[in-house]
Amino acid sequence: MALQIMTANRLLGGEVVYFSENAEWTGDFSAAKTVDDSDGAAVLLDEAEKAEANQLIVGPYLVKVERDETGIRTLSVKEGIRAKGPTVHYGHGLRQAG
Amino acid sequence: MYRYDEFDYDFVQQRVAQFGDQVERRIEGDLTEDQFKPLRLMNGLYLQLHAYMLRVAIPYGTFNAAQMRKMAHIARKYDRGYGHFTTRQNLQYNWPVLKDVPEILKELAEVEMHAIQTSGNCIRNTTSDQYAGAAADEIEDPRVYCEIIRQWSSLHPEFTFLPRKFKVAVTGATTDRAAIRVHDIGLAIVKNDKGEVGFEVHVGGGQGRTPMIGKVVREFLPKEHLLSYLEAVLRVYNQIGRRDNKYKARIKILVHETGIDEIRRLVEAEWERIKDTALKLPLEEVDRINEYFSPPSFETLDATSRLFEIKRFEHRDFATWVRANVVAHKQAGYAIANISLKPEGEAPGDITDDQMEVVADLAEKYSFDEIRATHEQNLVLPHVKQEDLYEVFSGLKAAGLATANLGLISDMIVCPGLDYCALANARSIPVAQAISKRFSDIERQHDIGELKLKISGCINACGHHHVGHIGILGVDRKGEEYYQITLGGNANENAAIGKIIGPSFAYDKIVDAVESVVNIYLELRNGAEESFLEAYNRVGMAPFKEKLYA
């Protein structure tokens, strides 16, 4: 089974979060807990369900990732942008993204 | 400009209080996300890729300095110091926090603004000609009827849960600057043979995954029957429009599958039944609304200003800006000044809090306190004295808002794309920025002439690529961004849907491809007078395709 992590948006701020090895919801993609079997995926889904019920997160889903020597990395442009923030400056360059 | 009456004021205040309560219940856990989502969408609040996004309604794109200053204040206090003007003449904030949204709505209500009807399967904010009340080619001011439609459609009980969203646009001029033929209903104010003023009604236009040009369902509708006719169209759609498949639920699909003749028969039958009921517009009500849009107190001026001519002679950058961004006004001695929100290499439609305040100050001082947002993601000061144009230009230039590119290749409509949007397949803004940089020489842009380039990050077509002279559509190919080019689209009174030129291009090849298309045009045009679209319509796709893929 492919390597997977659990992601969502935080309810209050809407920011992208990941379920971490420390059993917390973090904005740090590199800290996301990875699983590679259906039991592990079920644990992540349970955690997401609890966090939703506790008004911490919205819209959780599992995302496939890869691991290389530097750590985990996203497989699609979309998840890459979710992890790192917009690739563009906004507000006519006066403010930086992220 | 329209001002709230007691009804409007109470209605918006009630909605602010309701939504504040709903947000509180959501945070407390008394509402689930499934229960809350339709409620937040009814108040313009989306959850996007990185954050919530709040879409603020600017009815028919008309607003004033106090409203602009309030939007600047909200950008500064609750967001990240900027806002984004959209193709529905609205403004979006990309980073609000859920708990702040009730406060934001309260602040908006202080200046007669809200976020109602900016989302959901209802009748959305009616859009219009950004030059309304100022255009030399105008029959009547369309905003009067936009406001009547706003009042009729706001929380219309029958049309709050339509099969899909429903967009209406109105133009009062012979040149269609509101893209009415790609709306669910497009209304053109026309004069009939007897000299009476009424509406030509188009129905079933739209973009998205199935682009269609609207068809004329009625050639002349007397003004007093505007609402009864709209109600008849909406009722037919609401009753027989498809609800089983969201991709086939827009009225354009109903018109296409049923045929315009049958749709016309059904609408006219319903209209006959209701046209002389309470929906018939009383003349005094039209007059009352008309009062809000009466022309400002223009001075009697010469047709041309000597000071203006001198400044244009002395300052080349001013002359270039005038050439591109200033349009003739119906009133002698006045002009329409367009403010491009497409500076070189920046995100189209974005404006900072400080820039908003500069525009507000200029509008107050030089344009009778009026500002317009355009569906092409720019702003307009509609009533500027020619002799004040240099001062306006200087103020805009100091704020980085004097880009002289209106209608040129870098004046692109661009959706937020994958940098912000949860639905997008590909990024739009970086592609626009790269094209803008590639064509940074403004003289080169002027030499190319009028060229409307529009970019969408997915088939929902929020960036209007179907009606771009050059359209770019972002697609997903196995997780990678690719871009399809269309040619020959047009949003004005000669509306057309662009055709796909051929296989799509990778992210790092799309700018070269666009430049090639432009160079092919420059080679084959019959002189500088023949625009890109005219040349394309003359020669067709073949020479472009042959050379682009050679």
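The values are calculated or read from the model by the stated rules, or taken from the named source; none is laboratory data. No experiment lies behind these values; they were computed from the predicted model shown. Ideal geometry is used to build each Cβ from the backbone, glycine not excepted, and the neighbour counts take in all protein chains shown.
Note on segment B:241-255: among residues that are surrounded by 14 or more Cβ atoms within 10 Å (Cβ to Cβ) and not in a loop (DSSP other than H, G, I, E, B), the one that is modelled with the lowest pLDDT is B:K248.
A Cβ distance below 6 Å, combined with a sequence gap of six or more or placement on separate chains, defines the contacts here; from segment A:30-52, residues that are under 23 Å from A:I81 (Cα atoms) reach residues that are of a type outside the set (A, V, I, L, M) and surrounded by fewer than 16 Cβ atoms within 10 Å (Cβ to Cβ) in the pairs A:S30/A:G71; A:K33/A:E21.
A residue that is within 11 Å of chain A (Cβ to nearest Cβ) and either modelled with pLDDT of 95 or more or under 18 Å from the mean Cα position of the chain (by Cα) (or both) cannot be found anywhere in segment B:124-134.
Scanning segment B:499-537 for residues that are over 18 Å from B:K547 (Cβ atoms) and either hydroxyl-bearing (S, T, Y) or touching a helix residue (DSSP H, G or I) at 6+ places or on another chain (Cβ under 6 Å) (or both) turns up B:Y507, B:S531. Checked against (1) at pLDDT below 95; (2) closer than 22 Å to B:H315 by Cα, B:A422 passes all but condition (2). In segment B:474-493, the residues that are within 14 Å of chain A (Cβ to nearest Cβ) form Cβ pairs under 9 Å with partners that are among the acidic types (D, E), at six or more places apart or across chains, as follows: B:G474/B:E481; B:V475/B:E481; B:G479/A:E79; B:Y482/B:D476. In segment A:30-44, the condition of being touching a Pro at 6+ places or on another chain (Cβ under 9 Å), surrounded by 14 or more Cβ atoms within 10 Å (Cβ to Cβ), more than 20 Å from B:L47 (Cα to Cα) and of a type in the set (A, V, I, L, M, F, W, C) is met by at least one residue. Among the residues of segment B:470-499, those identified as out of contact with any Asp or Glu (no Cβ under 8 Å at 6 or more places or on another chain), in a loop (DSSP other than H, G, I, E, B) and at pLDDT 95 or above are B:G488, B:G489, B:N494, B:I497, B:G498.
Applying the criterion of being touching a Phe, Trp or Tyr at 6+ places or on another chain (Cβ under 7 Å) and of a type in the set (K, R) to the residues of segment B:86-144, the residue that is surrounded by the most Cβ atoms within 10 Å (Cβ to Cβ) is B:R143. Can you find even one residue in segment B:144-152 that is modelled with pLDDT of 95 or more and either within 14 Å of chain A (Cβ to nearest Cβ) or in a loop (DSSP other than H, G, I, E, B) (or both)? Scanning segment B:144-152, I find no residue that is modelled with pLDDT of 95 or more and either within 14 Å of chain A (Cβ to nearest Cβ) or in a loop (DSSP other than H, G, I, E, B) (or both), so the answer is no. The one condition from (1) more than 24 Å from B:G489 (Cα to Cα); (2) surrounded by fewer than 21 Cβ atoms within 10 Å (Cβ to Cβ) that B:K215 does not meet is (1).
Table: residues versus (1) over 20 Å from B:A132 (Cα atoms); (2) within 23 Å of the chain's Cα centre (by Cα).
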{"residue": "B:F298", "(1), (2)": "no, no"}
{"residue": "B:S340", "(1), (2)": "no, yes"}
{"residue": "B:E346", "(1), (2)": "yes, yes"}
{"residue": "B:D361", "(1), (2)": "yes, no"}
{"residue": "B:H375", "(1), (2)": "no, yes"}
{"residue": "B:N378", "(1), (2)": "no, yes"}
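Candidates are the residues of segment B:143-192 that are touching a strand residue (DSSP E or B) at 6+ places or on another chain (Cβ under 7 Å) and of a type in the set (F, W, Y); the one that is nearest to B:K280 (Cα to Cα) is B:Y145. When the helices (runs of 4 or more DSSP H) confined to segment B:256-347 are screened for residues that are β-branched (V, I, T), those reaching at least 2 such residues are found at B:260-274, B:283-292, B:316-325. Count, please, the residues in segment A:1-10 that happen to be closer than 16 Å to A:R82 by Cα and over 9 Å from the mean Cα position of the chain (by Cα). Number of matching residues: 2.
Okay, residues lined up against (1) more than 20 Å from B:D361 (Cβ to Cβ); (2) touching a strand residue (DSSP E or B) at 6+ places or on another chain (Cβ under 9 Å); (3) surrounded by 22 or more Cβ atoms within 10 Å (Cβ to Cβ); (4) in contact (Cβ under 8 Å) with a residue 60 or more places away in the chain:
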| residue | (1), (2), (3), (4) |
| --- | --- |
| B:Q35 | yes, no, no, no |
| B:L47 | yes, yes, no, yes |
| B:Y52 | yes, yes, yes, no |
| B:V56 | yes, yes, yes, yes |
| B:Y60 | yes, yes, yes, yes |
| B:A65 | no, yes, no, yes |
| B:R69 | no, no, no, yes |
| B:A72 | no, yes, yes, yes |
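Scanning segment A:56-71 for residues that are surrounded by fewer than 18 Cβ atoms within 10 Å (Cβ to Cβ) and closer than 17 Å to A:E24 by Cβ yields a single hit, A:L56. Screening segment B:424-451 for residues that are part of a loop (DSSP other than H, G, I, E, B) and within 10 Å of chain A (Cβ to nearest Cβ) and picking the one that is nearest to B:Y521 (Cα to Cα) gives B:S428. Elements of the type strands (runs of 3 or more DSSP E) sitting completely within chain A and holding at least 2 residues that are at the interface with chain B (Cβ under 10 Å from one of its Cβ atoms): these cover A:4-10, A:57-68.
Scanning segment B:165-174 for residues that are touching a Phe, Trp or Tyr at 6+ places or on another chain (Cβ under 9 Å) and over 20 Å from B:Y229 (Cβ atoms) turns up just one, B:A173. When segment B:393-404 is filtered for residues that are assigned to a loop (DSSP other than H, G, I, E, B) and either within 16 Å of B:H464 (Cα to Cα) or more than 14 Å from chain A (Cβ to nearest Cβ) (or both), only B:A404 remains. Scanning segment B:507-539 for residues that are in contact with a strand residue (DSSP E or B) (Cβ under 9 Å, 6 or more places away or on another chain) and not in a helix (DSSP H, G or I), we see that the one that is nearest to B:D447 (Cα to Cα) is B:K509.
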